1. Checking Phe143 against (1) buried (at least 20 other Cβ atoms within 10 Å of the Cβ); (2) in a loop (DSSP other than H, G, I, E, B), which single condition isn't satisfied?
2. Residues that are over 22 Å from Pro176 (Cβ atoms) and in contact with a Pro (Cβ under 8 Å, 6 or more places away or on another chain): find the helices (runs of 4 or more DSSP H) completely inside segment 70-139 holding 3 or more of those.
3. Give me the pairs, please: first residue somewhere in segment 128-154 and of a type in the set (Asp, Glu), second residue anywhere and assigned to a helix (DSSP H, G or I) and modelled with pLDDT of 95 or more, beta-carbon distance under 7 Å, and either six or more positions apart or on two chains.
4. Looking at (1) without any contact (Cβ under 8 Å) to a residue 24 or more places away in the chain; (2) closer than 19 Å to Arg162 by Cβ, which is the one condition that is false for Asn64?
5. Could you please find all residues in segment 8-66 being polar (S, T, N, Q) and part of a helix (DSSP H, G or I)?
6. For a quick check of your reading: which strands (runs of 3 or more DSSP E) sit entirely within segment 151-205 and have at least 1 residues that are over 17 Å from Val113 (Cα atoms) and either at pLDDT 95 or above or among the β-branched types (Val, Ile, Thr) (or both)?
Amino acid sequence: MSTINTNNLPLWVQDRDTVIKYSAQANVEWRNGKVPDYTRSKENLARESICSHAEGSLEALVQNLVRTFEMEVSFKTNPQQWLSVVNEQFRISTNGGREYTATEVGQKGTYNVFMGDSEFYKSSEETLESSHELFHSCFPQGFPWEVLEVYSGPPIVTFKWRHWGHFQGEYKGFAPTGEMVEIIGTTVAHVTDNLKITKMEHYFDNGLFLDKLTAGGKVNGAADTKSCPFAPVTQTGKKLGIGLLNIFKRLKQEVDNRQY
């Protein structure tokens, strides 16, 4: 595991609280006029994180960078004030789908970019605010995120991550199960020499995630409208399979040429 002198790090790969403290003094346009508070998230991370990355390790830097990006998308309304990306170059996609610009993801929010349109979630019908309200109500104790492994260092950073939360609130009429819902995914991030993101490609099974959120059945006792598990593969499924094949090929190439 390689480490870097943290005294010489760019602000956006330092601890998220450090970025928020700086931004609070920099005339940032905050959503709802409020500086974000990650107290609950930090409590959850302290209790339930699988990994504890050493300060200055590549894993810690990647984790800090992505958490800063997520914070900026969620709470900074002006993408020109995001520190974590090269605004004019930035693109983001999920499972080989459409690429979104910084302005677009700032308007739609990360949940809508990640989830897309499917039977049980339609990002085209959700706003940033409605998506946040939905998932915050599903996971009232929070929905934290952490890096599990980093497979390759800059300029193309490939890493495995984990998102999790306790499903204790209703999801679109489906009853909560009380269980921990966990998503495991992989991301390929292109970064500059000073560690700003120019492109992010996320890969994860959002169908499996939605299966878990609808497993409790309808609250009102209505018939379960889930599709048959043996139904033909959809175009989304095909794209996901192709995307995963591409990412595994890329992972092999990156591991063979690992540079820290």
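The values are calculated or read from the model by the stated rules, or taken from the named source; none is laboratory data. Only a predicted model underlies this, so the values are computations on that prediction, with no experimental measurement involved. Cβ sites come from the backbone with ideal geometry, for glycine too, and all protein chains shown count toward neighbours.
1. Only one criterion in (1) buried (at least 20 other Cβ atoms within 10 Å of the Cβ); (2) in a loop (DSSP other than H, G, I, E, B) is unmet by Phe143, namely (1).
2. It comes to 102-108.
3. Close Cβ pairs satisfying both conditions: Glu146/Gln63.
4. (1)
5. Listed by number, the residues that qualify are Asn8, Thr18, Ser23, Asn32, Thr39, Ser41, Asn44, Gln63, Asn64.
6. Where strands (runs of 3 or more DSSP E) fall fully within segment 151-205 and carry at least 1 residues being over 17 Å from Val113 (Cα atoms) and either at pLDDT 95 or above or among the β-branched types (Val, Ile, Thr) (or both), they are 156-166, 180-191.
Listed here are the residues, each with its yes/no results for (1) crowded, with 18+ Cβ neighbours inside 10 Å; (2) in contact with a strand residue (DSSP E or B) (Cβ under 6 Å, 6 or more places away or on another chain); (3) at positive phi; (4) not basic (Lys, Arg).
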position: Asp37; (1), (2), (3), (4): no, no, no, yes
position: Ala46; (1), (2), (3), (4): no, no, no, yes
position: Lys76; (1), (2), (3), (4): yes, no, no, no
position: Pro79; (1), (2), (3), (4): yes, no, no, yes
position: Thr127; (1), (2), (3), (4): no, no, no, yes
position: Cys138; (1), (2), (3), (4): yes, yes, no, yes
